[in-house]
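Engineer: Please see the structure below; I have some questions.
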Amino acid sequence: MVSDHVRPSRVALTGVSSRAYEHPSAQTALAAMQNIRGFDTLLRKVHGTIGEPLVRMRYLSSAVRVGPRQFRRLQAIKDEAIRVLDLPFEPEMYVQSMGAVNALTIGMDRPFIVVSTELLDVFDDDELLFVIGHEMGHALSGHSTYLTMARILASIGLSAFPIAGLAISAVEAALQDWSRKSELSSDRAGLLVSQDVDTAIRALMRLAAGAHADEMDTREFLKQAAEYELGATGARDRIYKFFTPSGTHPILVARASQLDQWVRGGSYARIVETREYPRRGEDSNVTLRETIRMQRQATKQLKRLRGDDKELRRRGLEIPYSVTDGESDV
Ligand SMILES: [Zn+2]
């Protein structure tokens with residue numbers, strides 16, 4: 001039985017481009033990562049060595065595929081997310097017991113989504129729609145190639161793919177930086193799908209604290225986020241501001257605060273209420289000026305990353321280089 005929560009009732013964002021929800025800092029971080037000499041070669045090497053079939057097999061062998069006859073609630077939520085984002089492809093979805101509330105999008109050629117059993121146990125339909133929308137955002141943006149690369153490199157190690165002249169620390173730092181910022185983009189996609197700000201913030205709270213939704217108050221969480229933002233102003237805090245212990249995901253209060261700022265800035269309303277958003281058909285028309293601007297920002301970003309690295313070493317601190325802990329995604 002599919003609940004009313006996931007019946008198709010939200011505004012469909014026909015032809016919406018990922019540019020509508022990409023966080024500007026994520027776009028800069030992506031350009032910085034792609035600008036590293038040898039990065040393309042590394043990506044091709046990882047893809048060629050591991051390959052899509054191996055990544056898929058890992059889940060085909062240990063997870064249950066969502067479909068019309070299995071996990072129907074999740075199938076309905078997935079259908080609604082695809083309809084709202086007008087996704088031009090249907091990512092496969094799997095359920096796997098992971099021992100924690102979690103969801104992830106992986107796959108180098110064809111992105112697919114894995115949801116933990118624990119997430120299904122704790123999240124209600126609306127909150128799940130936010131999470132699945134977030135994952136679909138990763139898929140539509142083409143993030144999964146890099147997210148998969150990060151997972152492979154974390155488990156095998158960069159040294160398994162020797163490339164002459166490749167600065168390993170630069171790749172790790174850039175991948176980690178982009179990975180954190182891509183979460184901010186996908187949170188916006190999650191909100192565009194769920195179309196309920198309170199639910200989105202509540203889902204982020206639940207990712208932080210798990211069950212006990214009746215004990216939580218989204219306004220209090222946003223107050224906490226504002227305090228956190230105010231407190232994180234020093235040089236070291238600026239570096240760690242968006243870090244989780246694993247280093248791949250921003251701190252959840254920071255995510256809530258960023259999402260709240262996006263809504264208060266009017267961008268969300270412009271997209272959902274007045275339907276002013278970039279369309280996929282226009283993606284190739286992104287002006288040369290914008291490309292040049294991005295390249296400039298990317299160069300600055302790389303310099304900043306190197307500067308942060310030096311600063312941390314000077315202080316005897318370490319950049320947490322593990323690109324993913326494999327435990328917490330979403
Ligand atoms: Zn994510």
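Engineer: Scan (1) under 17 Å from the mean Cα position of the chain (by Cα); (2) outside any loop (DSSP other than H, G, I, E, B) for the single condition ASP126 breaks and write down its number.
Structural biologist: Condition (1) is where ASP126 drops out.
Engineer: Scan segment 140-158 and report the pairs whose first residue is farther than 17 Å from PRO91 by Cα and whose second residue is within 12 Å of the ligand (Cβ to nearest atom) and not in a helix (DSSP H, G or I), with Cβ atoms within less than 6 Å and a gap of 6+ or a chain change.
Structural biologist: These pairs meet every condition: ALA150/THR324; ARG151/THR324; ALA154/THR324.
Engineer: If ILE82 satisfies all but one of (1) of a type in the set (A, V, I, L, M, F, W, C); (2) within 15 Å of the ligand (Cβ to nearest atom); (3) at pLDDT 95 or above; (4) surrounded by fewer than 22 Cβ atoms within 10 Å (Cβ to Cβ), what's the number of the condition it fails?
Structural biologist: (2)
Engineer: Would you mention how many residues in segment 102-113 are within 22 Å of LEU192 (Cα to Cα), out of contact with any Pro (no Cβ under 9 Å at 6 or more places or on another chain) and either acidic (Asp, Glu) or in a loop (DSSP other than H, G, I, E, B) (or both)?
Structural biologist: 1
Engineer: Hey, another quick one. Take the conditions modelled with pLDDT of 75 or more and out of contact with any Asp or Glu (no Cβ under 8 Å at 6 or more places or on another chain) and apply them to ARG219. Does it pass?
Structural biologist: Values: modelled with pLDDT of 75 or more: yes; out of contact with any Asp or Glu (no Cβ under 8 Å at 6 or more places or on another chain): yes.
For ARG219, the condition - modelled with pLDDT of 75 or more and out of contact with any Asp or Glu (no Cβ under 8 Å at 6 or more places or on another chain) - is met.
Engineer: Let me ask you something else. Among residues belonging to segment 172-189 that are more than 13 Å from the chain's Cα centre (by Cα) and buried (at least 23 other Cβ atoms within 10 Å of the Cβ), point out the one that is nearest to the ligand (Cβ to nearest atom).
Structural biologist: First pass over segment 172-189, keeping only residues more than 13 Å from the chain's Cα centre (by Cα): 172-174.
Subset that is buried (at least 23 other Cβ atoms within 10 Å of the Cβ): 173-174.
Details: ALA173: 19, ALA174: 18 Å.
In this case the residue turns out to be ALA174.
Engineer: Here is a further query. Going through segment 130-162 one residue at a time, which ones are under 21 Å from LEU42 (Cα atoms), within 12 Å of the ligand (Cβ to nearest atom) and of a type in the set (A, V, I, L, M, F, W, C)?
Structural biologist: Listed by number, the residues that qualify are LEU147, ALA150.
Engineer: VAL131 - would you say it is assigned to a helix (DSSP H, G or I), among the β-branched types (Val, Ile, Thr), at pLDDT 90 or above and within 16 Å of the chain's Cα centre (by Cα)?
Structural biologist: Yes.
Engineer: Looking at (1) assigned to a helix (DSSP H, G or I); (2) away from the ligand (no atom under 16 Å from the Cβ); (3) within 26 Å of ARG19 (Cβ to Cβ); (4) at pLDDT 75 or above, which is the only condition LEU259 fails?
Structural biologist: With respect to (1) assigned to a helix (DSSP H, G or I); (2) away from the ligand (no atom under 16 Å from the Cβ); (3) within 26 Å of ARG19 (Cβ to Cβ); (4) at pLDDT 75 or above, LEU259 is out only on (2).
The values are calculated or read from the model by the stated rules, or taken from the named source; none is laboratory data. None of the values given here were measured: they were computed from a predicted structure. So basically every Cβ, Gly included, is an ideal-geometry build from the backbone, and we count neighbours across all protein chains shown.
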